[in-house]
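See below for the structure under consideration.
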Amino acid sequence: MKKLLIALTFASFAASAHAQTGLSDKQFIAASRCSAMAASENLGKLDTTALEALLQDQSAGRKASVRISATSEMIAARRKADTADGAKKEKLIAERQSLCSGFLASTHVAAQ
């Protein structure tokens, strides 16, 4: 029982330290937005595997309010991306290529 308690305490400290060295809350929310835009068929779907893994990893130890904000941002961005046309679509593609490039570094952003 004592070993289990020590292991759980260590795991808790490790998770806390990992969250502190990862994305800030603002970056986490921005990455969620980027994930939604990258997954949109309307904008030209990209491989989001690496980004989804990052978000999954970074969600551990994050406040519920931040996770809710990230999910809300993801839903709103996906809705915008899926319904955008013309200039709005081009603006979202440009945002995905510039602001999201760091989060999507492992994926290829094709010129649209």
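The values are calculated or read from the model by the stated rules, or taken from the named source; none is laboratory data. From a predicted model like this one, the values you see are computed outputs, not experimental measurements. For neighbour counting, all protein chains shown are included, and Cβ atoms are generated from backbone atoms with ideal geometry for every residue, glycine included. Remember, those area values only see protein heavy atoms, side chains included, never the ligands or the DNA or RNA. Shrake-Rupley method; radii C 1.70, N 1.55, O 1.52, S 1.80 Å.
Sort 98-105, 60-67 by the packing proxy (mean of other Cβ within 10 Å over each peptide's residues), most packed first. Intermediate values should be presented prior to the final figure.
On the way: 98-105: 15.5, 60-67: 12.5.
Ranking, from highest mean packing down: 98-105, 60-67.
Considering Cα pairs under 8 angstrom that are at least six residues apart, work out the relative contact order of the range 25-105 and quote it in whole percent. Don't skip to the end; give the middle numbers.
Values: 75 pairs, mean separation 35.8, N = 81.
Contact order relative to length: 44 percent.
Within the range 25-105, what whole-number % of the accessible surface is contributed by carbon and sulfur, with the 1.4 Å probe and all protein chains included in the calculation? Intermediate results must be reported in sequence, preceding the final value.
Values: 2480 of 4500 Å².
Exposed carbon and sulfur together represent 55 percent of the surface.
Computed over the range 25-105, the P(r) tail beyond 19 angstrom holds 31 percent of alpha carbon pairs.
For the range 25-105, the Cβ-based charge dipole about the Cα centre amounts to some 280 debye (Lys, Arg positive; Asp, Glu negative; other atoms uncharged).
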